[in-house]
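**Q** Structure incoming, see below.
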Amino acid sequence: MLFRNSFILLCCLFTSSSFAARWFEIEVLIYKQRPAPYLQEDFSLKHDEINAKRSKDLLSPVYKAHAKQACINGDSRFRSQSFTDELINSNPYSNVCDDSVDFLASYNELPVSPPVEPREDTDEIYLMAPDQLQFTEQKNQLDRKGLTPLLHTGWRFPEMSESRAQSIRLFAGKHLAASSPAIEPDNNDFISLVTPSEQYIPESLQQTPDWELDGLMKIYVRHYLFINADFDISQRLETGDYEKARFSQFKRVISNEIHYFDHPRMGMIVQIRRYNH
């Protein structure tokens, strides 16, 4: 009887471990290419917006939390000095740090690596801390070549099929929407300040990208590891308009190997490693 119960227990342990999802970590280093004066590529072609049925934004909560803490610590970016605030706030120069603030909009340029604390678990998909990243030599090579890193990050995730895997939103670089010229209200009277009316916004400003780099990356397993990446990398032209260059690449990769993705406007270095916690 004891032998039979022990055998059943061993079978259960073997079955549960065999169905446990493997975990991986991915490291991504995205950089801008040097301007190529003789480049013949035409980036004027319009593309559909980059979307996915299942997506996850790991970066926004980190940047918002970091900016909110800076606001609480007295960062001058968040001091309100408007005429309306003078009327309703006894201390108009104090920081407003509640949920009404668009903390993400406070960045003129995002840090290259998101500031997160180290984690060692498999509770959920999460970002890796800067000191957990390993592309030190690759970053040094970019520095020697005079290439500008836009984003250096990584995250840990469980093995998933193509239908179940989420696309991870990545964005980086300059906040282009923040550098666009502001629209002045038609009327500066008190009523329009308190209850602003809708106004016409030129199409060129409506089409201003939020960030220099913005897009989605999906990693899934179908016998092999696959990467499907779609990004828009944007720049402001001399005319004041913005030009988007679409980066779309699909690749089968092998874990622990370093893979290079190339494009006239950007480059990407990727490595997927097994994560054993």
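**Q** Taking θ as phi - 60°, what are the ³J(HN,Hα) couplings along the range 258-271 by the Karplus curve (6.51, -1.76, 1.60), each to the nearest whole Hz, with x for Gly and Pro?
**A** 8, 10, 10, 10, 10, 7, x, 9, 8, x, 9, 10, 9, 9
**Q** For Leu133, Leu59, give the ranking by accessible area with the largest first, probe 1.4 Å. Show your work: numbers first, answer last.
**A** Numbers: Leu133 25, Leu59 0 Å².
If we order Leu133, Leu59 from most to least accessible, we get Leu133, Leu59.
**Q** Do any of Lys53/Lys174; Lys32/Lys244; Lys68/Lys174 go past 24 Å between their Cα atoms, and which?
**A** Values: Lys53/Lys174 27 Å; Lys32/Lys244 14 Å; Lys68/Lys174 19 Å.
In this structure, Lys53/Lys174 lie more than 24 Å apart at Cα.
**Q** Residues with amide H under 5 Å of Met160's amide H, sequence separation 5 or more or different chain, H placed in the peptide plane at 1.01 Å from N; which?
**A** Result for Met160 returns Val221.
**Q** Another question about this same structure. Order Arg252, Arg119, Arg274, Arg265, most accessible first, counting only protein heavy atoms with a 1.4 angstrom probe.
**A** From most accessible down to least: Arg252, Arg274, Arg119, Arg265.
**Q** Okay, moving on. Could you pull out every residue, at least 5 positions away or on a different chain, whose amide H is within less than 5 Å of the one on Lys56? Hs are placed 1.01 Å off N in the peptide plane, and Pro or chain starts have none.
**A** Those qualifying (amide H under 5 Å, at least 5 residues apart or on another chain) are Ser167, Ile168, Arg169.
**Q** Ranked from the most accessible area to the least, with a 1.4 Å probe and all protein chains present, what is the order of Asp210, Asp232, Asp123, Asp75?
**A** Working: Asp210 80, Asp232 15, Asp123 130, Asp75 40 Å².
Largest accessible area first, the list is Asp123, Asp210, Asp75, Asp232.
**Q** If you don't mind, another one. If you count only protein heavy atoms and use a 1.4 Å probe, how large is the accessible surface of Ile72, to the nearest 10 Å²?
**A** Ignoring ligands and nucleic acids, Ile72 comes out at about 100 Å².
**Q** Placing unit charges on C-beta atoms (Lys and Arg positive, Asp and Glu negative, everything else neutral), compute the dipole magnitude of the range 233-277 about its Cα centre in debye, rounded to 20.
**A** Numbers: 8 positive and 5 negative charges, 65 e Å.
It comes to approximately 320 debye.
**Q** Please work out how much accessible surface Lys68 shows to a 1.4 Å probe, ignoring ligands, DNA and RNA, in Å² rounded to 10.
**A** Its heavy atoms expose roughly 70 Å² to the probe.
**Q** Thinking of the range 210-277 as a set of Cα atoms, what percent of all their pairs are more than 18 Å apart?
**A** Considering the range 210-277, 46 percent of its Cα-Cα pairs are separated by more than 18 Å.
The values are calculated or read from the model by the stated rules, or taken from the named source; none is laboratory data. Keep in mind the model is a prediction, meaning the values are calculated, not measured. A quick note on method: Cβ atoms are made from the backbone with ideal geometry, for glycine too, and the neighbour counts reach across all protein chains shown. We work out accessible area using only protein heavy atoms, side chains counted, and drop any ligands, DNA or RNA first. Shrake-Rupley method; radii C 1.70, N 1.55, O 1.52, S 1.80 Å.
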